[in-house]
DNA sequence: CCGTCGAGCTAAACCGAGTTAGCAACGACT
DNA sequence: AGTCGTTGCTAACTCGGTTTAGCTCGACGG
């Protein structure tokens, strides 16, 4: 099946030069080592004619560089979250002419260690450790290659790992600001709150979104009108929390959901109770799940920049690790659609 | 940055044997070549103590096998479609102790050729060419490695490529059957139909789903009550088609959507018109998008087995290509939820 | 006429494994 | 004593590149 490839020796022979010369020319060191123009030209021509492609394994063995990165995430499947992140990572790799190994640890440290091992065995030039949900993770030791944490914060503070995470606090502020700007004063939280600390366990995102929201409201001299914490952030939970809110006698105002899936549940509860978005309730949320553009009216949401996150994480592998790039916060842009109106 | 790895030579030296002996022992050919038990034990022990790991680049160079597959898709980002497919591919690779390169061609033949080239340079043991939407594609020539088409049909009939695709005809039958079994006789199609050939261009899936539906209805002596072809299958299109259907005076029956996003639009149109699912309209669809379980009521849909597709495609790379495995149709299971009731 | 210098190229070592051919030591058998 | 066979191991080559050190040749200066 594996037909014979054209090797450097074949090129050298056909061009009537030594392997050394061929190698120098093809790696653009010909001028540096004084190979004459005619010879360079001939080597290049022959290489092109024979469709020569260097054997990467051989280059890796000699140079220790594989032009390959690794990308390990805890989950790959969860919606387009991962898809866009991987897409960004691929773009980052492509820009530097690298390939990308993908691995999925399913949250298991053992599996992650196995993947790191397999990638290091293959001499990857760096590994991104990604999480689909912002959280703390121990830093793998002794990898011996550049490492970047994506959407993940190192558990030990002494650990020297560059980190790329979304600016969730800024996102919280942006979501609150969007409602304030529309004139809302009565803002109900779905998913967490109303007080700082009322967040589901282990989610840094929830914590920081809430912090941003409270800060922005505080700047306007406000507090949330109410807040309902949900242990999981699925549509069903949003539906329940919103239904409870409506049953408490609220007939209008603004609803700030902690993610788009909760917002879907909120839409459903609002519609089933006979209210309308945005006439009765303005809704804003986080993530910019595909769903957000499919709802009627379109859901205004603060986007998780998955693509950017993936791309920057990979590119951070190559960047010289300076102090100021150790902790990169990627802004989360507001996607304004039709779910916010004046009260 | 790259600290020195332990090599086979280090192990051999520490164990007081030759590199040959160490190599034989560690590749389990010790018995075959009569290395004594004590020596084998010592070598293994030393290897473990030094945490020896073979350099994959070196093995690749020597053996030509990389324990690595390539997975090239036209799009990675589109929802969890790709995510689950990649997840399945990862599982397939993991089972055979392989790693997985991911690449995205964005539909460009040039980019795909570049990716194939880069993967072949790295001596991958096989490449899966995947499409997120079933369609015809030319077969890349001269790859020299095992190739499998996933969700993709070779454009040239003479091309010898194993193909893994979902059983869309069976899916069409299953969707129609689900409605017939509930007692429905009046079945409206959203997305394609009512006659064979009324499908959006370039989608094999649409064609085959329709074929399956028509066959199953025909078996019950029926034809679709109506059919509306949509050029794209987004929620907006489903909403428009369903709104048109309702405005034509239909007040109940069954709606068969060609995918879940169309079904979301149908749900929205039905609810906005004051009807209810499933009391007034039963809805069934295809794909089993995450969305399907989030709708109220849950959407009954025929699942695209993305995970299975990904896994089987990768495993097909290793399977000896027999005639009967050349064209693998993966069944699409019905996911019954709450959107179907008796008329 | 010899020494020096630079231009232009190459032999050979090297990366870290896998693999082939064969050697040394020892006992058994003729 | 010589031959043979077996056991137990290793020297040396190979994969396909990169890199170092150095060779050859002609021009030029003294």
Packing-based ranking, highest mean first, of B:110-119, A:44-53 given that Cβ atoms within 10 Å are counted: B:110-119, A:44-53
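Suppose only helical runs count, i.e. DSSP H with n ≥ 4. What mean residue ellipticity at 222 nm does that imply for chain A under -39500 (n - 2.57) per run, divided by all residues and rounded to the nearest 500 deg cm²/dmol? Show your work: numbers first, answer last.
Details: 12 runs with 141 residues, N = 343.
The helix-only estimate for chain A comes to -12500 deg cm²/dmol at 222 nm.
Report Rg/Rh for segment B:1-91, rounded to two decimals, where Rg is the Cα radius of gyration and Rh the Kirkwood radius. Write down the numbers at each step before the final one.
Values: Rg = 19.1 Å, Rh = 15.9 Å.
Reported Rg/Rh (Cα atoms, Kirkwood Rh): 1.20.
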Using alpha-carbon coordinates, inclination of helix A:79-95 to the longest axis of chain A, degrees: 30 degrees
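If you take each beta carbon of peptide B:101-107 and count the beta carbons of other chains within 10 angstrom, what is the mean?
On the way: counts 5, 11, 5, 7, 0, 2, 0.
Neighbouring Cβ atoms belonging to other protein chains average 4 per residue here.
Quick one: of the DSSP bridges fully inside chain A, what percent are antiparallel, nearest 5?
Working: 2 of 41 bridges.
Taking every DSSP beta bridge within chain A, about 5 percent pair in antiparallel fashion.
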Fraction of beta bridges assigned by DSSP in the protein assembly as shown that are antiparallel (%, nearest 5): 10 percent
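Provide Rg over Rh for chain B; use the alpha carbon set for both Rg and the Kirkwood Rh (inverse mean inverse pair distance).
Numbers: Rg = 26.4 Å, Rh = 22.9 Å.
Rg/Rh: 1.16.
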Isotropic mean projected area of the C-alpha convex hull, segment A:168-304 (nm²): 7.0 nm²
On Cα atoms only, tilt of B:37-49 relative to the major axis of chain B in degrees: 60 degrees
Spin-label pair residue A:53/residue B:218, simplified geometry with 7 Å Cα→Cβ offset, distance in nm: 4.6 nm
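Ignore the peptide's own chain and count Cβ atoms of other chains within 10 Å of each Cβ in A:263-271; give me the average, rounded.
On the way: counts 0, 4, 2, 0, 2, 5, 1, 0, 4.
Whole-number average of other-chain Cβ neighbours for A:263-271 is 2.
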Euclidean distance between Cα centres, segment A:25-39 to segment B:63-106, Å: 39 Å
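Given contacts defined as C-alpha pairs under 8 Å and at least six residues apart, what's the relative contact order of chain B, whole-number percent? Show your work: numbers first, answer last.
Values: 694 pairs, mean separation 59.5, N = 343.
It rounds to 17 percent for chain B.
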Degrees between helix B:109-121 axis and first principal axis of chain B (Cα, 0 to 90, nearest 10): 30 degrees
Global geometry of segment A:203-283, whether rounded, prolate or oblate, following the gyration tensor of its Cα atoms and the 1.5 cut on a/c: oblate
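Please report A:131, B:339 as a ranked list, fewest other C-beta atoms within 10 angstrom at the top and most at the bottom. Display every interim value, and only then the final one.
Numbers: A:131 22, B:339 26.
With the sparsest Cβ surroundings first, the list reads A:131, B:339.
Hey, could you get me the Stokes-Einstein D for segment A:57-166, Kirkwood radius over alpha-carbon pairs, 20 °C and 1.002 mPa s, rounded to whole µm² s⁻¹? The partial results should precede the final answer.
Details: Rh = 14.2 Å.
D = 151 µm²/s.
Take each of the peptides B:246-257, A:271-282, average the number of other beta-carbon atoms within 10 Å over its residues, and list them starting from the highest. Please list the in-between numbers first.
Working: B:246-257: 18.7, A:271-282: 16.7.
Top of the packing list down: B:246-257, A:271-282.
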At R0 = 45 Å, FRET efficiency that the Cβ-Cβ distance of residue B:110 and residue A:114 yields, to 0.05: 0.80
For residue B:111, label point 7 Å along C-beta direction: distances to other copies, nm: 2.9
Spacing of the two label points (7 Å from each Cα toward its C-beta) at residue A:185 and residue B:247, in nm: 4.2 nm
Taking all pairs of distinct alpha-carbon atoms in segment A:105-164, Kirkwood radius in angstrom: 11.8 Å
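Could you tell me which of rounded, prolate or oblate describes segment A:16-65, using a ≥ b ≥ c as the square roots of the eigenvalues of the alpha-carbon gyration tensor, with rounded for a/c under 1.5 and, failing that, prolate when a/b is larger than b/c and oblate otherwise? If you can, show how the numbers build up before the last one.
Numbers: a/c = 2.53, a/b = 1.42, b/c = 1.79.
Note, shape of segment A:16-65 comes out oblate.
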For residue A:248, label point 7 Å along C-beta direction: distances to other copies, nm: 4.7
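Would you mind giving the mean number of other chain beta-carbons within 10 Å of the Cβ of each residue in A:57-67, as a whole number?
Numbers: counts 13, 5, 4, 7, 8, 2, 1, 5, 1, 3, 3.
That average works out to 5.
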Dimensionless Rg/Rh of the protein assembly as shown - Kirkwood Rh, Rg from C-alpha atoms: 1.03
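None of the figures in this text is laboratory data; all of them are computed from the coordinates on show. None of these values were measured; they are calculated from a predicted model. Because the Cβ atoms are built from the backbone with ideal geometry, glycine has one as well, and the counts that use them run over all protein chains shown.
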